[in-house]
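This report refers to the structure that appears directly beneath it.
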Amino acid sequence: MMRSCTVVAVAVVLLAACGKNNGTVAVPAPPGVAPAPGVSGPAWPLFGRDAQHSAESAIATQGLGRVVWSAPVDLAAALDANNSLLAHYGSPVVSSFNTVLLPVKTSANGGFRIEARAGGNGGLLWSLDSDYVPPPHDWMPSYNLSLTGTSRLYAPGSGGKLIVRDSVDSATGGTSSFVFYGAQTYAANKAALDGAVFIDTPVTVDGAGNAYFGVEVVGTNAAGLSTGGLARVDASGNGSFVEAPVATGDATMSKLAMNSAPALSRDGATVYAAFDGPAGGKGYLVALDSATLTVKARTVLLDPRSGSPAFIDDNGSASPTVGPDGDVFFGVVEALRGSHNGRGWLLHFDAALAQTLVPGSFGWDDTASVLPSSMLPSYAGSSSYLLMTKYNNYLGAGTGDGQNRVAVLDPKASQTDPISGLQVMREVATMLGPTFEAGASGPVKEWCINTAAVDPATQSILVNSEDGVLYRWSLSSNTFTERIRLTNGLGEAYTPTAVGADGAVYAVSSAVLFSIGK
């Protein structure tokens, strides 16, 4: 994030911060409200909805008529000296019965609990305290939940373990834990391992219930882990692990990039993960066998303009996206900060990571969404799918003019980038932010997304802006056909949008989850 959007949420009431009233239209779920009945519909089980991070909804979204309910995702949110809320918040996940699971930060330093709420009215079904400990960080990293196809919950816990709860749609249920390096080792050394081993990415789950996630390791430990890397836990709790230097062939690599969820190929045979060093910087994209974690291919992530290693920023949340044809996309920062106006690049590879293909012109803190090209009636190209990304052009970074946009890009066609002069993915459609920073002209508010929900049924995309408004971008008319104010906006790290099993739209703003529908 170059700039940002918000105020602080405490309990179920949004409070003004720094003397500002946020003007929310939130309808909090009252304590003790009876959960609404569930529905049968498509789940939104992971960050970016699926293991490819396409963020493509399988149901038509409801109209943005009103905020149906809201709930805080941070009970101890705090603005920094620049009035920005620099904490990443996890995406809600939704079961096929329309149970919404949200991670809630409960203390300033990162205590967390898990809440299960009825999608229809936000009524609390159950809650569960988590002992998760965030890894060392600058901005607060995201705490993300994941669901399997059988509605089993995987949630990060302390010491690198997964907290497991079956039957998330039931008000009662037991919990267990999976430890990739061994439950006995953890039990005998819990306190030390809680301070040495940290899950640092969202958990990605495949169709068989196998979980993949990044681990950071600090110092020596009883688990015998010399460095961080990629962990895999199967549905029975059996774990395996590949350390970052082994996966990358580079002894300076130490972990998966913070907040960067692994992605899986469409057939589930390959897992893609981004690795970097202790403080970000140089990184690799690695393809591994999803069953054995054997390396299939690896590539250094390079700046297309300079040919030097691109920069992985651990304050970002870019995750690999896998296209329907197997191509892989991953966002990075340019090697020399500001040389591409702070936009970074959306790097583009074939499935084998053997070919580096035409990049997108923005990528640093964005996970590209995938949309069928049929969503855009005016599209005349040959690609069966397109990509949607944030497309900010940050004022004061290089030649950035503050004309911040969102964009639909053709990954199979190119145009000349006006900033770098390189060939980049062709812009099929773009939309300029509608709210000026100040006055009636000049730079506009940034787009405030790290993954945006795509709705093929209505030919639209749901996007957050730093002006505190959720917009429906209609691709058939290339206009914003609906909008709803959530807050007045201020500064915050980029946030996700998601879709419920009943078509409700979920957006995070001002440390609050909003459920929006008709």
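The values are calculated or read from the model by the stated rules, or taken from the named source; none is laboratory data. It should be emphasised that the depicted structure is a prediction, and the values quoted were computed from it without experimental measurement. A quick note on method: Cβ atoms are made from the backbone with ideal geometry, for glycine too, and the neighbour counts reach across all protein chains shown. Accessible surface is based on the protein model in full, side chains and every heavy atom, while ligands, DNA and RNA are left aside. Shrake-Rupley method; radii C 1.70, N 1.55, O 1.52, S 1.80 Å.
A compact table of results
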{"read-out": "Top-ranked residue of the stretch 138-180 - restricted to ones that are of a type in the set (Phe, Trp, Tyr) and in contact with a Gly (Cβ under 6 Å, 6 or more places away or on another chain), ranked as nearest to Val33 (Cα to Cα)", "value": "Tyr143"}
{"read-out": "Residue match in the stretch 258-275 (condition: in a loop (DSSP other than H, G, I, E, B), at pLDDT 95 or above and under 20 Å from Phe178 (Cα atoms))", "value": "yes"}
{"read-out": "Among residues of the stretch 471-503, those that are of a type outside the set (Ser, Thr, Tyr), part of a strand (DSSP E or B) and over 16 Å from the mean Cα position of the chain (by Cα), counted", "value": "8"}
{"read-out": "Leading residue by the ranking (farthest from the chain's Cα centre (by Cα)) among those in the stretch 238-275 that are within 26 Å of Lys190 (Cβ to Cβ), open to solvent by 20 Å² or more (accessible area, probe 1.4 Å) and not aromatic (Phe, Trp, Tyr)", "value": "Asn238"}
{"read-out": "Residue pairs meeting the criteria (Cβ under 6 Å; at least 6 apart or on separate chains; first free of Cβ contacts under 8 Å to residues at least 60 places away in the same chain, in the stretch 193-213; second part of a helix (DSSP H, G or I) and crowded, with 24+ Cβ neighbours inside 10 Å)", "value": "Leu193/Gly159; Val197/Gly159; Val197/Gly160"}
{"read-out": "Residue in the stretch 434-443 that is part of a strand (DSSP E or B) and not aromatic (Phe, Trp, Tyr) present", "value": "no"}
{"read-out": "Yes/no for Leu422 being open to solvent by 10 Å² or more (accessible area, probe 1.4 Å) and more than 28 Å from Ala274 (Cβ to Cβ)", "value": "no"}
{"read-out": "Any hit, the stretch 434-444, residues being closer than 18 Å to Thr321 by Cα, open to solvent by less than 10 Å² (accessible area, probe 1.4 Å) and touching a residue at least 40 places away in the same chain (Cβ under 8 Å)", "value": "no"}
{"read-out": "Total residues in the stretch 491-518, condition surrounded by fewer than 24 Cβ atoms within 10 Å (Cβ to Cβ) and of a type outside the set (A, V, I, L, M)", "value": "5"}
{"read-out": "Whichever residue in the stretch 473-490 is over 16 Å from Gln459 (Cβ atoms) and of a type in the set (Val, Ile, Thr) and, among such residues, is most open to solvent (accessible area, probe 1.4 Å)", "value": "Ile484"}
{"read-out": "Given (1) polar (S, T, N, Q); (2) open to solvent by 10 Å² or more (accessible area, probe 1.4 Å); (3) within 19 Å of Ser373 (Cβ to Cβ); (4) under 22 Å from the mean Cα position of the chain (by Cα), number of the condition Ser460 does not satisfy", "value": "(2)"}
{"read-out": "Residue within the stretch 243-250 that is among the charged types (D, E, K, R) and farther than 28 Å from Trp44 by Cα present", "value": "yes"}
{"read-out": "Scope the stretch 324-369; condition under 20 Å from Thr416 (Cβ atoms), open to solvent by less than 20 Å² (accessible area, probe 1.4 Å) and either modelled with pLDDT under 95 or among the β-branched types (Val, Ile, Thr) (or both); matching residues", "value": "none"}
{"read-out": "Checklist (1) without any contact (Cβ under 8 Å) to a residue 60 or more places away in the chain; (2) of a type in the set (Gly, Ala, Ser); (3) farther than 22 Å from Leu145 by Cβ applied to Ser476, failing item", "value": "(1)"}
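Rundown of residues vs (1) assigned to a loop (DSSP other than H, G, I, E, B); (2) open to solvent by 20 Å² or more (accessible area, probe 1.4 Å); (3) under 17 Å from Asp194 (Cβ atoms); (4) not aliphatic (A, V, I, L, M), yes/no style:
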position	(1), (2), (3), (4)
Ile114	no, no, no, no
Gly120	yes, yes, no, yes
Ser127	no, yes, no, yes
Asp138	yes, yes, no, yes
Gly149	yes, yes, no, yes
Tyr154	no, no, no, yes
Gly159	no, no, yes, yes
